[in-house]
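Notes follow the structure.
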Amino acid sequence: MHQNPNPDSQFNQHRSRLFGIAYRMLGSRADAEDVVQDAYLRWHQSAAPENAEAWLVTVATHLCIDRLRKAKLEREVYTGPWLPEPLIAADIERHTPESIAEFSSDVSTAFLVVLEQLGVEERAAFLLHEVFDVDYQDIAQMLDKSEAACRQLVHRARSRVRRPAPRFNVSREAHLQLLEKFIIASKSGDHAHLSEVFAADATFTADGGGKIIAALKVLHGLERLARLFLIMARDYAGRAEYKIVNINGEPGVLRYIDGELDAASSFEIEMQEGADGQPVARIKAMYLVRNPDKLHMS
């Protein structure tokens, strides 16, 4: 018989934290929800732990590590680039206010893509310490490693994930204004419009999962992107509509073709020095998800 008093109430206090950890570990909402459900089942089968949060985080971390090891093998044979499943605003809003706070930082698509460079245990140790503020002693117990080994994992991960601090910060207003320009440029395919939107060294990554047409390699540079957007503007003329929404906690764009959701795009924006010496917002990287298995709104 279950010995936890009010087990559902106790579990629900930590549900959003478990989902936040699992999503950052796996980059998949569906897999993250499965981890939370598995943790819930194990919670109901357990005796009351002394520290419920630590117990649940440990269980969820182990479940994530097992899933991520399998997922990494699958992603090695994935058709084209693999991108995380986007969390569109509606996905986040169906969680609690506390869970929304979990997604206020360090959940951008660009950040999750960088995390893919890390080993499984590196990723776990880094996220637990750097994002969820778990101390090294607890991480060592969760990963069954020494504290020194966990410190080394985090140090190594930090050096691989860290990026130079931007010279200028991008305000939400500048971000939204740039996306409005992006939509106009996408509809027109005009090179001049696109050059006002993308940085000269911008990259474009698309995820079709082999189920729908998408670029099979990362595209580099404004000229290659301009050619692609010109083709898309011609192909989708009169058929495409765009909507700015929140994707992974930041402004992003949904594209609808003939009224059906076709793609979710998130962006890495940076402020660059314009011709007049004043900072201007430009898209440094664009991540477009077309794999229909990853396009869910609730």
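The values are calculated or read from the model by the stated rules, or taken from the named source; none is laboratory data. Computed from a predicted structure; not experimentally measured. Cβ coordinates were reconstructed from backbone atoms using ideal geometry, including for glycine residues, and neighbour counts include every protein chain displayed. Please note that ligands, DNA and RNA were not included when accessible areas were found on the heavy atoms of the full protein model with its side chains. Shrake-Rupley method; radii C 1.70, N 1.55, O 1.52, S 1.80 Å.
Based on alpha carbons, the Rg and Dmax found for segment 107-148 are 10.9, 31 Å. Gaussian network model of the chain, Cα springs within a sub-10 Å range: biggest mean-square fluctuation belongs to which of Leu216, Leu112, Leu87? Sorting by GNM fluctuation, first place goes to Leu216. Measuring r between the beta carbons of Arg42 and Met232 and using R0 = 51 Å, the FRET efficiency lands at 0.65.
Cross-link partners of Lys72 among lysines, defined as those whose alpha carbon lies under 28 angstrom from its own and excluding same-chain residues fewer than eight positions apart: Lys145, Lys211, Lys217, Lys284, Lys294. Distance from the C-alpha centroid of segment 193-219 to that of segment 52-83: 26 Å, rounded to the whole angstrom.
The modelled label-to-label distance for the pair Asp135/Glu76, using points 7 Å beyond Cα in the direction of Cβ, is 3.9 nm.
Two decimals is fine: what's Rg over Rh for segment 179-298, C-alpha atoms, Kirkwood radius as Rh? Please report the intermediate quantities before stating the final value.
Numbers: Rg = 14.0 Å, Rh = 14.7 Å.
We get a ratio of 0.95 for segment 179-298.
Using the Cβ-Cβ distance between Glu180 and Gln278 with R0 set to 22 Å, the FRET efficiency from 1/(1 + (r/R0)^6) comes to roughly 0.70.
So, for the chain, what is the accessible surface per residue at a probe of 1.4 Å, expressed in square angstrom?
Values: 14850 Å² over 298 residues.
Here the per-residue accessible area is 50 Å².
Here the gap between Asp144 and Val245, fully extended at 0.36 nm per residue and compared with their Cα-Cα distance, gives a gain of 32.3 nm. Our summary of shape: the Cα atoms of segment 1-92 have principal axis extents of 48, 29, 18 Å, ordered from largest down, in whole angstrom.
Taking 0.36 nm per intervening residue step and subtracting the Cα-Cα distance, what contour gain separates Asp66 from Asp258 on full extension?
65.1 nm
The label point for Val114 and the one for Ser159, both projected 7 Å from the Cα toward the Cβ, are 1.6 nm apart. Taking every alpha-carbon pair in the chain and binning the separations at 5 Å intervals from zero gives 1, 5, 11, 15, 16, 15, 12, 10, 6, 4, 2, 1, 0, 0, 0 percent.
Within segment 217-298, what whole-number % of the accessible surface is contributed by carbon and sulfur, with the 1.4 Å probe and all protein chains included in the calculation?
Details: 1940 of 3990 Å².
Exposed carbon and sulfur together represent 48 percent of the surface.
Given the rule -39500 (n - 2.57) for each run of at least 4 DSSP H residues, summed and divided by the residues of the chain, what is its mean residue ellipticity at 222 nm, to the nearest 500 deg cm²/dmol?
Working: 12 runs with 146 residues, N = 298.
Counting only the DSSP helices, I get -15500 deg cm²/dmol.
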